[in-house]
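Note sheet for the following structure.
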Amino acid sequence: MLDQTLDNDIADPRTYADLAKQHGLYTQMRQNDPLHWTQPEGHRPFWTVTKHADIMEIERQPDKFLAYPRSKLFPIEYEKKMAAAAGGKPHFGRAISQMDPPDHKVYRQIAQEWFQPTPIHGLSPKITALADRGMKDLLAKAPACDFYKEIASPYPLRVIMLILGIKDDPVSERKIMDATARYFGGTDPEVGKGEGIIEATFQYFDYFEPLAKEKRDHPADDVASLIANARVNGEPIDPAIAQMYFVALAGAGHDTTGSTSAGGVLAMIQNPAEWDKLKANPDLTHAAVEEMIRWVSPVKHFFRTAKEDYELRGKTIKAGDNLLLAFPSANRDEDLFDDPWTFRIDRKPNRHLGFGFGPHICLGMALARLELQIFFKALMPLVRRFELNGEPRWVQTNFVGGLKTLPVTYELE
Ligand code: HEM
C-alpha cells in the first residue's frame, strides 16, 4: 500500500520542482493504486486519478463530476484564508474553470469564438512579429541567456496582451507577469515572494478593473472588450465573473505556453538528435509541439467533485468526494503511450491530455499550439545547438508551472 509520505508528497509543491520525484510518485500510483484515496496532512482528502482512461471517463461526464466548488489543491488553512478574503465564498468569483452546466457553456461561449483555430490563425502575422521580436533578443544576447526568463516567458505574455487588447508597454507587462508569478508560483519562495493566489487575485483586479471600464467606454475588437461588454441572459455580465475571466486568460494564457517552450528546449538539449531532426524537417513542428506539451504538462491538476456515488476501478467514489486529475501522470501512462519516457518529436499518435478533455478542455488550445509552432519555426533556423550553462530549476507548485530558470549557451547558424 502507498504510505502517508506519498500522500504528503502529492500535495507538497516542492515535489513538482523535482521531476524525477514527481514522475516517480505518479508511476508508483499508476502501478499500485491508480485511483488512490489521498490524505495529505493539513489538507482535505481526495482521490488522485492517475490513469489516462480514468481522467477521460470523469471529464466526459460533467453532469456527474462537478468543477465547483473545489478546483485546486490548497492546505485547509489557506482555504480558510481565501474564504475570508472572498467574503465567505470559497473563491473570489467563478472563473469558467469553476463552472458547471448550464452556466459553463453560457460563459465559455462569450470568448469561445475568438479562440477557434480560424480567427486565431488570422492573427499569425502579428504573432509572428512578436516571435521575431523575441528572436532579436536571443541574437542580441548570444552566446548565453536565461532561456526561460528572457525568451520563452515574455513572448506568450505579449501574445495574450495583444489578444486581450492591452497596450504593448513594459509597465503592463511587468504588472501582469508579477501577478501571474504570485498566482501560480506563490508556493515557491523565490517566485511568489511569499505571496499567493489571494494577493495575486487582488493585484490582477487592480489592473483589470480600470481596463474593463476603458473597454466598456471605448469597446474595440479584442477579447477584453468582448468580456467587459458581454450580456448574459439579457443582463450585463457580473463584474466579479468578468474579472475572473480576465484573470484566467491572462494567467493561463502565458505561463503555460512559456513553460512548454522552455521545457521543449530543455528536452532538445537532453535529446540533441531530436533538435537536429526538427531542423532538418520543419514540417515536424506541429508534432514536435504536441510532444513538448505531453512532455512538460505544465498544468498539474484540476479537481472535480462527484455529484453522486460512482464505481471506478472497483472502488466507490462517494457523492461529495473530490478527485484530483493528474494530467502529467496521464501523459506518461504506459497503457496509452509507446515508450512514454522517450521524447520523440514525431510521436504518432499522441493523444496527450496536456490540454485536459471534455467541455473544460483548454479554451486557449488553438492559440497555444499556433504560438508554439510559430516560435519554434522562428528559432530553428537561428540556432545550431543549445547547451546547458547552469542548473535548470523548476517552480515549486502543485498547480501550474514549469521551469523558472534555464541558463543556456547557444551556437548560432
Ligand atoms: C501549452 C499551453 C497550455 C496548456 C498545456 C493548457 C492546459 C490547460 C488545461 C489542462 C486545462 C484544464 C482542462 C480540463 O479541465 O480538462 C486548461 C483550461 C483552460 N485554459 Fe489552458 N493551457 C494552455 C494554454 C492556454 C492559453 C494560451 C489560454 C488563453 C487563451 C488558456 C486558457 C484556458 C482557460 C480559460 C481554461 C479553462 C477552460 C474551461 O474550464 O472551460 N490556456 N488549460
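The values are calculated or read from the model by the stated rules, or taken from the named source; none is laboratory data. Everything numeric in this text was worked out from a predicted model, so none of it was measured. When we count neighbours, we look across all protein chains shown, and the Cβ atoms used for this are built from the backbone with ideal geometry, even at glycine. Heavy atoms of the whole protein, side chains included, go into the accessibility calculation; ligands, DNA and RNA do not. Shrake-Rupley method; radii C 1.70, N 1.55, O 1.52, S 1.80 Å.
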(message) Pull out all pairs, ordered by first then second residue, where Cβ-Cβ is under 6 Å, the residues are six or more apart or on different chains, the first lies in the stretch 1-13 and is open to solvent by less than 40 Å² (accessible area, probe 1.4 Å), and the second is in a helix (DSSP H, G or I) and polar (S, T, N, Q).
(response) 9/15
(message) Tell me which strands (runs of 3 or more DSSP E) are completely within the stretch 248-367 and hold 1 or more residues being modelled with pLDDT of 95 or more and surrounded by fewer than 18 Cβ atoms within 10 Å (Cβ to Cβ), or say none if there are none.
(response) 310-312, 315-317
(message) Name the single residue that is farthest from residue 357 (Cα to Cα) among those in the stretch 62-85 being aromatic (Phe, Trp, Tyr) and buried (at least 20 other Cβ atoms within 10 Å of the Cβ).
(response) 74
(request) May I ask you to list the residues in the stretch 41-61 that are farther than 19 Å from residue 313 by Cα and buried (at least 19 other Cβ atoms within 10 Å of the Cβ)? (result) 43
(message) Looking at the stretch 70-92 only, could you name the residues that are assigned to a loop (DSSP other than H, G, I, E, B) and over 12 Å from residue 323 (Cα atoms)?
(response) 74, 75, 86, 87, 88, 89, 90, 91, 92
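Conditions tested, residue by residue: (1) of a type in the set (A, V, I, L, M, F, W, C); (2) open to solvent by 60 Å² or more (accessible area, probe 1.4 Å).
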{"position": "161", "(1), (2)": "yes, no"}
{"position": "167", "(1), (2)": "no, yes"}
{"position": "176", "(1), (2)": "yes, no"}
{"position": "179", "(1), (2)": "yes, no"}
{"position": "182", "(1), (2)": "no, no"}
{"position": "197", "(1), (2)": "yes, no"}
{"position": "205", "(1), (2)": "yes, no"}
(request) Tell me which residues, restricted to the stretch 362-413, are in contact with a strand residue (DSSP E or B) (Cβ under 9 Å, 6 or more places away or on another chain), away from the ligand (no atom under 14 Å from the Cβ) and small (Gly, Ala, Ser). (result) 390
(message) Show me the helices (runs of 4 or more DSSP H) found entirely inside the stretch 1-61 where at least 1 residues are under 23 Å from the mean Cα position of the chain (by Cα) and basic (Lys, Arg).
(response) 19-32
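Looking only at the stretch 224-247, how many residues end up being touching a residue at least 60 places away in the same chain (Cβ under 8 Å) and either of a type in the set (D, E, K, R) or in a helix (DSSP H, G or I) (or both)?
The first filter runs over the stretch 224-247 and keeps only residues touching a residue at least 60 places away in the same chain (Cβ under 8 Å), leaving 224-227, 230, 232-233, 237-238, 240-241, 243-247.
Among the residues that remain, those that are also either of a type in the set (D, E, K, R) or in a helix (DSSP H, G or I) (or both) are: 224-227, 238, 240-241, 243-247.
The number of residues fulfilling the criteria is 12.
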(request) Could you grab me the full set of residues in the stretch 260-303 that are among the aliphatic types (A, V, I, L, M) and without any contact (Cβ under 8 Å) to a residue 60 or more places away in the chain? (result) 273, 280
(request) Restricting attention to helices (runs of 4 or more DSSP H) lying wholly within the stretch 99-196, give those where 3 or more residues are more than 21 Å from residue 374 (Cβ to Cβ) and of a type outside the set (Phe, Trp, Tyr). (result) 103-112, 170-185
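Scan the stretch 370-397 for residues that are among the basic types (Lys, Arg) and in a loop (DSSP other than H, G, I, E, B) and report the count.
So the count comes out to 0.
For every residue, the table says whether it meets (1) closer than 18 Å to residue 125 by Cα; (2) free of Cβ contacts under 8 Å to residues at least 24 places away in the same chain.
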{"site": "369", "(1), (2)": "yes, no"}
{"site": "372", "(1), (2)": "yes, no"}
{"site": "375", "(1), (2)": "yes, no"}
{"site": "379", "(1), (2)": "yes, no"}
{"site": "382", "(1), (2)": "no, no"}
{"site": "385", "(1), (2)": "no, no"}
{"site": "391", "(1), (2)": "no, yes"}
{"site": "397", "(1), (2)": "no, no"}
{"site": "407", "(1), (2)": "no, no"}
